[in-house]
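**Q** One structure is given below, represented as structure tokens, and several questions about it will come after.
The numbers here are math on the coordinates, done by the rules we state, and not lab data. Quantities reported herein were computed from a predicted structural model and do not represent experimental measurements. Methodologically, a virtual Cβ is constructed for each residue, glycine included, from the backbone with ideal geometry; neighbour enumeration extends over all protein chains shown.
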Amino acid sequence: MNKNLTWKWAVIAATLLLFLFGIFGIPKDWTGKGLLASITDRIHLGLDLRGGTHLILQVQVNDAVNVDSDNAIARLREDLRTKKINYADMTKPDPVNHAELIVVKGVTPDQSSDFKTIVSDRLPDYDVTSGAENSFNVAMKATNLSELKKRAVEQAIETIRNRIDQLGVSEPVIQEHSLGSYQILVQLPGVDDPARVKEIIQSTAMLEIKQSRGGPYSSEQQALQENGGVLPPDSVLMPAKAGMRGDREAGEQWYIISRAAAVSGRDLRTAEPSRDENGQPAVRFILTGDGGRKFYSFTSAHVGDYLAVVLDNKVQEVAVIKEAIRDTGIINGRFTEQQVTDLAMTLRSGALPAGIKYLEERTVGPSLGADSIKSGVRAAVAGMLAVLIFMLVYYRWAGVNADVALILNLIILLGFMGFFGAVLTLPGIAGVILTVGMGVDSNVLIFERIREELRNGKTPPSAVEQGFSHAWVTIVDTHVTTIVSAAILFIFGTGPVKGFATTLVFGLAANLFTAVFVSRVIFDWILGRKQRGEALSI
Amino acid sequence: MEFFRNTSIDFLGKKWYFLAFSLIFSVAGVFSMLFWHGIPLGVDFRGGTLVTVKYAHPPDAAKIHSELEAAGLKNARVQPSANNEVLIALDIQQTSEQDLTKGKEQIKQVLAGPTASANAGKFDLNNSSSLGLANYLLEKDPLHLSTDANPRYTAIAQGIVDQKDKVRGGVLGSIDELNGIADPAVLASLKAGAFTSDFGVRDVAIVGPQVGQQLRRQAWLATLYSLAGMLVYLGLRFEWIYGVAAVLTVFHDTLITVGAFSLLNWEISLTVIAAILTLIGYSNNDTIVVFDRIRENIKLLRRDKLADIVNKSINQTLSRTILTAGLTFLTVLALFLFGGEVLHGFSFALVIGILIGTYSSIAIAAPILVAYQEWRAGRGQQPISMPVRTGNGQKEKVKA
């Protein structure tokens with residue numbers, strides 16, 4: 001054996017070892033079970049094989065904008081009052097489509113420059129422009145607006161991750177879904193109860209403590225009637241949680257609630273399951289220092305007024321303020337133990353900055369996943385055996401060469417996946433099978449060319465030489481085009497389809513090495529052992 | 001062993017037969033897309049709800065359909081499949097983003113209909129998660145555990161659910177099938193307070209309108225980008241007309257494959273699109289192999305007519321083309337036969353596509369080249385030339 005060939009054999013052996021390590025790692029024990037465990041430890045199964053839940057949700061970023069502009073209104077009113085600047089009206093004309101726009105009407109002309117100064121001093125994120133008839137448009141700056149929306153999505157991802165982590169799901173995927181706007185992709189392998197997951201994600205747990213200015217009323221109409229057709233300024237009507245007072249027969253209840261909150265979920269230090277004075281499950285919360293001060297100044301100014309605990313825009317509890325409160329409180333509302341635990345958890349993990357809408361939900365039952373693995377593996381083995389046997393029959397000893405290359409191709413493919421922690425999906429298994437079919441193409445191309453050269457009267461060494469060099473150009477072209485389409489699949493696809501693209505790309509890349517390099521080394525080795533003029537088995 | 005040896009078939013002489021064959025299939029497909037079934041999009045693309053339910057006994061699809069209809073779920077499609085499974089699909093009208101899971105819940109309610117009243121208030125073992133079962137056992141406490149109740153019952157529940165999913169294929173016929181899996185006291189408690197409904201939900205896909213639209217757009221873009229990628233690469237490697245010929249060929253293959261789905265009214269899902277993109281790559285392989293040989297032969301046989309060179313090149317590569325197609329076809333056939341329900345559409349697209357893709361690289365791509373050259377000659381212009389790689393890597397124009 002010549003020296004050059006020895007060196008090439010060493011490269012092949014090293015590659016084999018490297019990728020075997022990629023598949024198995026260092027197994028804890030060398031039994032079948034231990035090996036299987038170390039494979040599944042390194043090559044992860046996709047949701048479609050393991051079973052699990054897949055959700056795409058959209059952050060209603062408009063909510064976050066509304067919160068910001070509501071706070072801006074509250075701040076502006078306060079400042080205008082202290083600076084004694086008069087105005088007739090301050091509203092948001094289109095809170096659904098343009099939540100960032102505030103219109104202030106009826107500012108007297110001689111005070112308008114003072115008004116502008118206050119806005120630019122106190123609301124740096126907003127621009128002020130003059131409108132018709134002494135009105136001003138105060139609108140959030142475009143850069144701040146898009147920043148706010150982006151932050152809302154990031155914060156939502158962070159919050160959802162915190163909550164999912166507390167569920168103890170292994171390998172969850174929570175990321176921005178790059179293919180849509182303000183969308184988040186959540187994948188939870190092995191979770192067989194999507195309803196509970198959604199409950200935990202969905203409860204935005206937007207806790208706010210606000211002033212209650214009237215109620216309960218049995219309907220929205222009644223609330224309006226009893227207040228002469230108009231609500232007090234900066235107030236909204238809010239429904240109460242069904243059966244809030246322990247009286248399920250009471251029907252709907254509505255309250256007039258202040259728009260601005262005394263404290264909100266952001267002022268919370270912690271929340272824990274507890275019991276109220278009647279021994280019913282309740283959530284006890286403690287405010288941060290800052291929140292406590294805010295709450296103290298609010299409650300001390302409103303002794304005798306009513307306080308509403310509002311969760312996700314539903315009134316949970318209304319109580320009279322008997323005295324100034326500093327930093328602890330209790331939320332009760334006929335919860336079950338489970339609800340109390342979940343609520344405390346969601347409050348602790350932070351409030352979602354905005355509401356959430358579900359766009360897509362998929363659940364794969366574990367039994368279906370198990371069936372898919374079975375049929376996928378069966379198809380893979382059947383396809384592979386058919387190809388291996390055919391090559392042996394059709395090309396005889398050269399068929400052994402092709403089969404060795406093909407098996408090495410598979411080992412490298414799986415090793416790659418192990419190294420990159422790639423996810424194996426059912427279409428991914430199909431990708432493995434296709435790799436076998438398309439990988440063997442390179443061998444067929446080369447072998448056919450060698451046969452042709454032999455027919456044309458070349459000696460075996462030169463036929464092999466010619467066969468490889470001619471086929472090489474074609475192989476590069478075919479691989480590049482297939483890898484291009486697989487790469488596009490990878491960019492555009494999600495989940496299972498991505499898994500397919502991954503295996504196809506890795507498989508074909510490995511094929512360049514096995515079908516060309518490894519096959520050639522085996523041929524050279526065989527030729528080296530043959531007598532001059534002896535025929536090649538192909 | 002050798003199947004093909006020194007063939008010399010006049011492929012180009014048969015181009016009118018090929019054209020007729022391709023036209024019949026493409027036109028049939030296009031007609032079906034326009035006037036008959038349209039392009040039957042799966043739940044991924046059109047949006048909607050798809051629930052796969054497994055029954056303990058062979059289900060009666062017609063009865064399920066009429067029950068759904070009676071409950072107000074109009075246009076529900078009920079399609080029985082292997083292993084006592086039924087696929088129930090609702091269209092996008094019944095799938096709103098406001099309440100994404102409403103359709104699914106309604107289906108479950110309707111299916112539970114006959115057994116629901118008899119088992120009111122009982123726990124349904126076939127439609128519960130391990131967590132739900134653990135909570136149920138914790139409440140009943142059949143083993144009267146004072147310590148470790150939570151982990152113990154969680155483990156018992158997991159064992160029962162595993163038995164259901166991994167051994168019984170997703171649905172229990174009766175509680176007796178759990179004998180030996182859980183403690184007799186647990187089983188006695190389950191027999192008293194739980195039941196096994198005759199179905200279990202195995203798989204749910206709910207796609208709202210927004211995502212459906214998004215995925216449709218992406219599928220189009222991916223297909224277009226892939227075709228454009230081929231065009232550019234082949235244009236660079238060969239002459240632009242080779243790129244055009246290859247892309248037209250692949251377009252022909254895609255059209256016929258999608259047409260076959262339309263004719264059979266089979267739904268095109270995300271994985272089918274993946275298969276079609278793979279075909280774009282695969283069909284190109286065949287075409288490139290032939291083109292590469294044409295390029296090589298143009299250099300060797302400078303005096304011959306392009307039509308003869310093309311014929312010779314196809315014949316020389318015929319053995320490889322048929323062998324590779326046959327081998328890939330074998331693997332894809334294995335997928336189609338053994339790959340299970342989930343991969344059916346995917347492997348079907350590949351089965352059709354490999355047959356068509358192999359045929360078209362011989363019957364479509366090469367004749368386009370020759371037809372273009374004859375068209376140019378007819379207008380008295382220079383015949384197409386071909387960049388040829390020479391030993392030192394320089395490009396040299398060779399007249400065809």
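**Q** On a 0 to 90 degree scale, rounded to 10, what angle separates helix A:32-42 from the longest Cα axis of chain A?
**A** With rounding to tens, the tilt is 60 degrees.
**Q** Another question about this same structure. Efficiency by 1/(1 + (r/R0)^6): what FRET value for B:His37 and A:Gln225, r their Cβ-Cβ distance, R0 = 51 Å, to the nearest 0.05?
**A** So the FRET efficiency works out to roughly 0.35.
**Q** Right, something else. Could you tell me which of rounded, prolate or oblate describes the range A:203-361, using a ≥ b ≥ c as the square roots of the eigenvalues of the alpha-carbon gyration tensor, with rounded for a/c under 1.5 and, failing that, prolate when a/b is larger than b/c and oblate otherwise? Walk me through the intermediate numbers first.
**A** Working: a/c = 1.42, a/b = 1.18, b/c = 1.21.
Rounded, since a/c falls under 1.5.
**Q** If I fit a long axis through the Cα atoms of helix A:112-122 and take the longest principal axis of the Cα atoms of chain A, what angle between them do I get, 0 to 90°, rounded to 10?
**A** Tilt relative to chain A: about 50 degrees.
**Q** Checking a compactness column here: for the range A:63-144, what do you get for Rg(Cα) / (2.2 N^0.38 Å), N being the number of residues?
**A** Values: Rg = 11.7 Å, N = 82, 2.2 N^0.38 = 11.7 Å.
Rg over 2.2 N^0.38 Å, computed on Cα atoms: 1.00.
**Q** Still on this structure, I have one more. Taking 8 Å as the Cα distance limit and 6 or more residues as the minimum spacing, I'd like the relative contact order of chain B as a percentage.
**A** Details: 534 pairs, mean separation 89.9, N = 400.
Dividing the mean separation by the residue count of chain B yields 22 percent.
**Q** For a Förster distance of 51 Å, can you work out the FRET efficiency between the beta-carbons of B:Leu300 and B:Gln109, rounded to the nearest 0.05?
**A** Values: r = 74 Å, r/R0 = 1.44.
According to the calculation, E is roughly 0.10.
**Q** Name the residues whose placed amide hydrogens come within less than 5 Å of the amide hydrogen of B:Arg202, ignoring near sequence neighbours (fewer than 5 apart) on the same chain.
**A** B:Thr52, B:Val53, B:Lys54
**Q** Moving to a separate point now. What angle, in degrees between 0 and 90 and rounded to the nearest 10, separates the Cα long axis of helix B:366-378 from the longest principal axis of the Cα atoms of chain B?
**A** Computed tilt is about 40 degrees.
**Q** Which whole-number percent gives the relative contact order of the range B:48-206, counting Cα pairs below 8 Å spaced six or more residues apart? Present the calculation step by step, with values, prior to reporting the outcome.
**A** Working: 219 pairs, mean separation 52.8, N = 159.
33 percent.
**Q** If you place +1 on the Cβ of every Lys and Arg and -1 on the Cβ of every Asp and Glu, how big does the dipole about the Cα centre of the range B:48-206 come out, in debye to the nearest 20? Provide the component values of the computation, followed by the final result.
**A** Values: 15 positive and 19 negative charges, 25 e Å.
Using Cβ point charges on Lys, Arg, Asp and Glu, the range B:48-206 gives about 120 debye.
**Q** With +1 on each Lys and Arg Cβ and -1 on each Asp and Glu Cβ, and nothing else charged, work out how big the dipole of the range A:116-178 is about its Cα centre, in Debye to the nearest 20. If you can, show how the numbers build up before the last one.
**A** Numbers: 8 positive and 10 negative charges, 21 e Å.
I would put it at about 100 debye.
**Q** Please state the charge dipole magnitude for the range A:203-361, taken about the Cα centre, from unit charges on C-beta atoms (+1 on K and R, -1 on D and E), reported in debye and rounded to the nearest 20.
**A** Numbers: 18 positive and 21 negative charges, 80 e Å.
I would put it at about 380 debye.
**Q** Using the Cα gyration tensor of chain B, with a ≥ b ≥ c the square roots of its eigenvalues, what is the shape: rounded (a/c below 1.5), prolate (a/b larger than b/c) or oblate (neither)? Mind showing how you got there, number by number?
**A** On the way: a/c = 3.27, a/b = 2.62, b/c = 1.25.
Since a/c reaches 1.5 and a/b is larger than b/c, the shape of chain B is classed as prolate.
**Q** Starting from the Cα of A:Asn4, step 7 Å along the direction of its Cβ; do the same at A:Thr336; then give the gap between the two resulting points in nm.
**A** My value for the distance between the label points is 7.7 nm.
**Q** Filter the trypsin sites (Lys or Arg not before Pro) in the range B:1-89 down to the DSSP loop ones having no more than 10 other Cβ atoms within 10 Å, then list what survives.
**A** Those satisfying the criteria are B:Arg5.
**Q** Pulled fully out, how much extra length does the chain show between A:Asn278 and A:Thr117, if you take 0.36 nm times their separation in residues and subtract their Cα-Cα distance? Could the numbers behind the result be given before it?
**A** Values: separation 161, 0.36 × 161 = 57.96 nm, distance 5.35 nm.
Extra length from A:Asn278 to A:Thr117 when fully extended: 52.6 nm.
**Q** Averaging sequence separations of C-alpha pairs under 8 Å and six or more residues apart, then dividing by the length of chain A, give the relative contact order as a whole percent.
**A** For chain A, the relative contact order is 19 percent.
**Q** Along the charge dipole of chain B, which of B:Asn84, B:Gly200, B:Leu50 sits closest to the positive end, that is, farthest toward it, with unit charges on the beta carbon of Lys, Arg, Asp and Glu (+1, +1, -1, -1)?
**A** B:Leu50
**Q** Next question. Only loop residues by DSSP count here, and only those with at most 15 other Cβ atoms within 10 Å; note down the GluC sites (Glu not before Pro) in the range A:125-168 that meet that. Kindly include the intermediate steps, with their values, before the conclusion.
**A** Working: sites: A:Glu133, A:Glu147, A:Glu154, A:Glu158; in loops: A:Glu133.
Answer in residue order: A:Glu133.
**Q** Are there trypsin sites (Lys or Arg not before Pro) in the range A:500-538 that DSSP puts in a loop and that have at most 16 other Cβ atoms within 10 Å, and which ones?
**A** Loop-located and lightly packed - A:Lys530, A:Arg532.
**Q** Between A:Thr270, A:Pro281, A:Val309, whose Cα lies farthest towards the positive end of the dipole of the range A:203-361 when Lys and Arg beta carbons carry +1 and Asp and Glu beta carbons carry -1, centred on the Cα centre?
**A** A:Thr270
**Q** Say R0 is 60 Å: what FRET efficiency, to the nearest 0.05, do A:Lys141 and B:Ser8 get from their beta-carbon distance? Each step should come with its number before you reach the end.
**A** Details: r = 76 Å, r/R0 = 1.26.
Efficiency at R0 = 60 Å is approximately 0.20.
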